[in-house]
Amino acid sequence: MKCTTCGKENEASGKFCGICGAQLIEDSVNFNPQSIGTENPMVGFTEAISLGFKNYINFRGRATKAEYWWWFLFAFLGGVVTGILDSLGIGVTVTQSIFNLAIFIPGLALGARRLHDIGKSGWWQFLWLAILIGWIILIVWCIRQGDVGPNKHGIDPRTNPR
């Protein structure tokens with residue numbers, strides 16, 4: 001079945017698109033989340049980084065808690081390493097700036113997908129600008145377990161192939 005949103009060809013029995021998470025069936029009333037299958041294993045560090053760059057500008061769909069926090073760790077460690085390289089003057093002293101630019105958009109996209117997983121709009125990321133209060137709210141939301149089964153933002157990434 002072809003997705004009307006992104007054009008990807010999906011399995012005929014598919015309920016949601018494997019790329020963008022759009023609903024493939026018209027009748028969602030008879031949808032049984034139990035029929036999706038068993039839960040996928042949690043993503044690891046390298047898979048999370050791969051998914052982050054694979055979905056570079058994908059602001060649709062959902063991302064698991066593990067995917068988000070592994071990316072966060074990658075961004076933190078990358079920032080530390082590039083900061084050390086810049087302070088030592090090894091090579092070009094703009095490596096941290098280049099790294100931050102390279103991960104900025106995928107980080108925003110991943111943050112939006114993580115908020116989608118708990119049923120929130122990706123626009124809530126602007127709470128980061130509210131310094132302390134915004135950060136606390138977003139951290140609490142990002143550690144929260146995602147919605148089980150599909151929600152208005154797409155399929156459950158824990159029970160469907162990535």
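Bear in mind these aren't lab numbers, they're just calculated from the coordinates by the rules spelled out. In this text the structure is predicted, and so the values were computed from the model without any measurement. All Cβ positions, glycine included, derive from the backbone under ideal geometry; neighbour counts span all protein chains shown.
When we screen I105, I139 for residues that are surrounded by fewer than 14 Cβ atoms within 10 Å (Cβ to Cβ), within 14 Å of the chain's Cα centre (by Cα) and in a helix (DSSP H, G or I), the only hit is I105. Only one entry of W124, W128 meets the criterion of being free of Cβ contacts under 8 Å to residues at least 60 places away in the same chain and surrounded by 16 or more Cβ atoms within 10 Å (Cβ to Cβ), and that entry is W124. The set of residues in region 60-71 that are of a type in the set (A, V, I, L, M, F, W, C) and either within 10 Å of the chain's Cα centre (by Cα) or surrounded by fewer than 17 Cβ atoms within 10 Å (Cβ to Cβ) (or both) comprises A63, A66, W69, W71. Checking D117, D147 one by one, the residue that is more than 12 Å from the chain's Cα centre (by Cα) and of a type in the set (D, E, K, R) is D147 and no other.
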